[in-house]
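Here the structure is laid out as structure tokens; the discussion comes afterwards.
Please treat every number below as a calculation from the coordinates, not as lab data. Note that the structure is a prediction, hence the values are computed from the model and not measured. With ideal geometry, Cβ positions are generated from the backbone for all residues, glycine too; neighbour counts draw on all protein chains shown.
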Amino acid sequence: MKIADILATKGRTVHSVLPFRTVTEVARRLDDLGIGAVLVCDEHRTVRGIVSERDIVRAVARQGAAVLDRPVSEVMTSKVRTCGSQETVARAMAQMTAGRYRHLPVVDAGRLVGMVSIGDLVKHRLREMEMETGVLRDVVIARS
């Protein structure tokens, strides 16, 4: 299964914020949308970073509540890992596990086309495994 298959099911919407938004504004946006991360993009939609709930919690732990009034660019992860839509789910899962991150922007030919979470990948991998199990069960029943 490819990342494109997941995007076809879940959609290609990618939420983003501008780098000057405050950490509080971004935290509220994450809460309102029920998501765990947003991309930080400039006015030209160029990706400058990604900020997750984890980034915010760690910043508060290190710097205290005052960080909530700071620009999100100060707490974001600047080095953003990406994958292509033709990447396999297994390879993307391995990349995310090795890098210890939970959100992966999808980029094709330099253009942002979606974002997947580890939850998306696990859900689709489980569905794939259930299908494989069903096929194997059918083969065993047919041979009986």
Exercise. Please give the net charge around Gly34, taking every other residue with its beta carbon less than 15 angstrom from that of Gly34, where Lys and Arg add +1 and Asp and Glu add -1.
Key: 0
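Considering only region 3-143, what is the antiparallel percent among its DSSP beta bridges, to the nearest 5?
Of the beta bridges lying entirely in region 3-143, close to 80 percent run antiparallel.
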Quiz item: Roughly how many whole Å is it from the C-alpha centroid of region 99-127 to that of region 1-35?
Solution: 11
Practice problem: Using only the alpha-carbon atoms of the chain, report the extent along each of the three principal axes, biggest first, to the nearest angstrom. | Solution: 68, 33, 27
Self-check item: Fewest-first sequence of Ser16, Ser52 by Cβ atoms within 10 Å of each Cβ
Solution: Ser16, Ser52
Quiz item: Relative contact order for the chain: what is it in percent, counting Cα pairs under 8 Å that are at least 6 residues apart?
Solution: 25
Quiz prompt | Net charge of Cβ neighbours under 11 Å - reference Ser117; Lys, Arg +1; Asp, Glu -1 | solution = +2
